[in-house]
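Take a look at the structure below.
Taken together, the values in this text are just the output of simple stated rules run on the coordinates, not laboratory data. If you're wondering where the values come from, they're calculated on a predicted model, not measured in any experiment. Cβ placement follows ideal geometry from the backbone for every residue including glycine, while neighbour counts extend to all protein chains displayed.
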Amino acid sequence: MTGAVVVGSGPNGLAAAVTLARAGIRVTVLEAADRIGGGTRSAERTLPGLLHDECSAFHPTGVASPFLRSLSLHEHGLAWLWPPVDLAHPLDDGPAAVLTRSMDETTARLGPDGAAWRRLFDPLASGFDDLAADLLGPVVRVPRHPLQLGRFGLRALLPATVLARRWRTDQARALFAGVAAHALRPLHSPLAASIGLMLTAAGHAYGWPVARGGSQSVARALASLLRTHGGTVETGVTVEAYAQLPPVDIVMLDVTPGSAARILGDRLPGRVARAYRRYRHGPGAFKLDLAVEGGIPWSDEACRRAGTVHLGGTLAEIVRAEDDVAAGRMPRRPFVLVGQQYLADPSRSAGDLHPVWAYGHVPAGYTGDATEAIIDQIERFAPGVRRRIKARAARSTSELATYNANYVGGDIATGANDPRQLLLRPRIALDPYRTGVPGVYLCSAATPPGAGVHGMCGFHAARSALVALNR
């Protein structure tokens, strides 16, 4: 029987393992930590009874993932839950901008920009399944839906600041800028609009849900499915060299390119080793979990109902903050993402104490404490929140890297989203998952289509391995 080892149990490692096991391959997953999941882990970070997601939290690409949707993971305990409002973006002056699955509700709140918003996003959202089939995979291939991809691609090439010119109001421009900022790139750079377009279209098509019982439920469901196909998972096993691995036909590495180069050593062809060592990581995140009595007292009612709240002010302010981060400067007012998952999943709370998830964009490897800067941004739009905070737990960029070795310098995206790496990660190759070592494949978020809890990197890497085996 053909055997495989998967190094790393993040969603991509587990996706690769499930894909191989379903093809009849004997699979073992090796995980260095004492819990599976990589970025999909959850824990009581602040007070007993409050469940916090430790990294990933909302899953627009997860619920839309062609791979995850094919697996009947509900039979293994995975359930998606939606908050009343998917996303809110408050401003100092005027009402918050709001994104919901309902195009009518979203455009109605955008007033004079509603029609322009609809013209851009309605075709992308209505055809999102076709779009996802091409976007969530390698770039170098024949597209299945060229017209839909072309409609997306012409706009995705633009800087986010250029695309935002189609709207006149601060609300519409800020709403799009906040979503585009998920790329952790200067918003005036080429292709900076791409991730904003995709996540906004996904939001209208599927919403921004959470996993019931925490993001850990995604990993648990995949591991449960893996076991039904005979696969196994071993935790507490750190792989530092290829020689540690048992003799198998397939090795899947859910690690960074730099880690892959270290593990494979001299086995790696020189050109691949050089490319892996040159692979660039992006800015960092500073993670903050809060226990908040009564929830956050947002000034805008829409924010009190929103699962995700983007705090960055206007388009111009977000541009400045992201420019500072890219230049290695800590912004005075960083772009902050706030998660109120308990609005969709009340089981995460304990009475009137609620878990609040937040992180701020900071320079790569930032050594300072961004706690007060993040709370300042929340207080700006929710006066009095400090009095309600009963406990807090922070993770710096270095602590994030310790928590997950793929988060180099606090880079939770596993790689800079600059134009070259957006299109050709981790290196220029017809098959980006092959390492050049026979039977060894890279399957982390450093491969296409990149970051997100969708499992598509692992799925495509496993498919590459199966093709090589004529399976």
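What the table shows:
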item	result
Cα centroid separation, segment 326-345 to segment 187-266 (Å)	23
Chain lengthening between residue 329 and residue 188 when straightened (0.36 nm per residue, less Cα-Cα)	49.0 nm
Dipole-positive endmost among 6, 201, 175 within the chain (Cβ charges, Cα centre)	6
Given charges at beta-carbon only (K, R positive; D, E negative), |dipole| of the chain in Debye	1060
Considering only the chain, percent of DSSP beta bridges that pair antiparallel, nearest 5	65
Relative contact order %, segment 90-195, counting alpha carbon pairs below 8 Å whose residues are six or more apart	27
Protection proxy ranking of 334-346, 357-369 - average other beta-carbon atoms within 10 Å, highest first	334-346, 357-369
Estimated distance in nm for a label pair at residue 72 and residue 168, the labels positioned 7 Å out from Cα along Cα-to-Cβ	5.4
Added length on full extension, which subtracts the Cα-Cα distance from 0.36 nm per residue, residue 248 to residue 267	5.3 nm
Calculated Rg and Dmax of the chain using C-alpha coordinates, Å	21.1, 65
Which of 107, 85, 37, positive extreme of dipole for segment 3-130 (C-beta unit charges)	37
Separation in nanometres of the label points that stand 7 Å from Cα toward Cβ, at residue 147 and residue 376	5.2
Trypsin sites (Lys or Arg not before Pro) within segment 311-413: DSSP coil, no more than 12 neighbouring Cβ in 10 Å	332
GluC sites (Glu not before Pro) within segment 45-123, DSSP loop, no more than 13 other Cβ atoms inside 10 Å	none
